[in-house]
Amino acid sequence: MMTNLFSTFDPCSSVSMSLNWMSTFLGFIMIPGMFWAMPSRYNYIIYTIYSKLYMEFKTLLGPKSKGIKLIFIGTFMFILFNNMLGLLPYVFTSSSHLIFTLTLALPMWLSLMLFGWLNNTQHMFAHLIPEGSPAVLMPFMACIETISNIIRPGSLAVRLTANMIAGHLLMCLLGNNMTEATTMIPLIMSIQIILMLFETAVSLIQAYVFSILSTLYTSEVIYENTQKPPIPFSSL
């Protein structure tokens, strides 16, 4: 029996041995089996998702960024797998915790900022002030752009966490009422099925939003640094 409504998201449900976070690594056990199996509809669906994401990320990042597109495709599949696992009964929803989402967003943001400021500092400074801004508003625009850049990892992490918590809390609340209001069980079951379908769509959308926003943040730095390639040392 739950002590409170948020105990579903408690990462330490067992004092002696907490295995809740093990659900995060189930994908590494289940996915490699695909490479040894015969081609099936499941493989075709996964391949279609990979192809669509690759073409979309290629449009955003440009043809010169080859390997980085695979990173965001892997991030999408990793988040999607954990979001879908959270819909199963008695499975810990790892993507509903900030420690999980910040671990994905913060290193990505830090690496982009270091890469941009170290390789093209002047262009990164110019990016703080949008083109066509009045001279009077330039200090304020620089402050606003700086704050918006700083809060990017937090917005990515909180967006994914909040969306995963909201639907799960509502499903948990309705599930607890089924034991008390027995006459309302058919209605509650119908609402639960609708919520399950809605949460499935939310799991897919949030994984896509996280990966596409990460790609957009990366495209700003990559395009800025690919427009003016560095001079090789041999020509100096």
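The table below lists the values:
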| quantity | calculated |
| --- | --- |
| Cβ crowding within 10 Å averaged over residues, with 204-215, 146-157 ranked highest first | 204-215, 146-157 |
| Region 128-173: Rg to Rh, with Rh as the Kirkwood radius over Cα pairs | 1.34 |
| Protection-proxy order for peptides 194-203, 75-84, each taking the mean of Cβ atoms within 10 Å per residue, highest first | 75-84, 194-203 |
| Long-range tail of P(r) for region 39-224 (Cα pairs > 25 Å, %) | 49 percent |
| Charge dipole magnitude, Cβ of K and R +1, D and E -1 - region 39-224, Cα centre, debye nearest 20 | 500 debye |
| Spacing of the two label points (7 Å from each Cα toward its C-beta) at residue 43 and residue 192, in nm | 3.7 nm |
| Low-density loop cleavage sites - trypsin sites (Lys or Arg not before Pro) in region 46-133, where at most 13 other Cβ are within 10 Å (DSSP) | 64, 66 |
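No value in this document is a laboratory result; all are computed from the given coordinates. Keep in mind it's a predicted model, so treat the numbers as computed, not measured. Cβ sites come from the backbone with ideal geometry, for glycine too, and all protein chains shown count toward neighbours.
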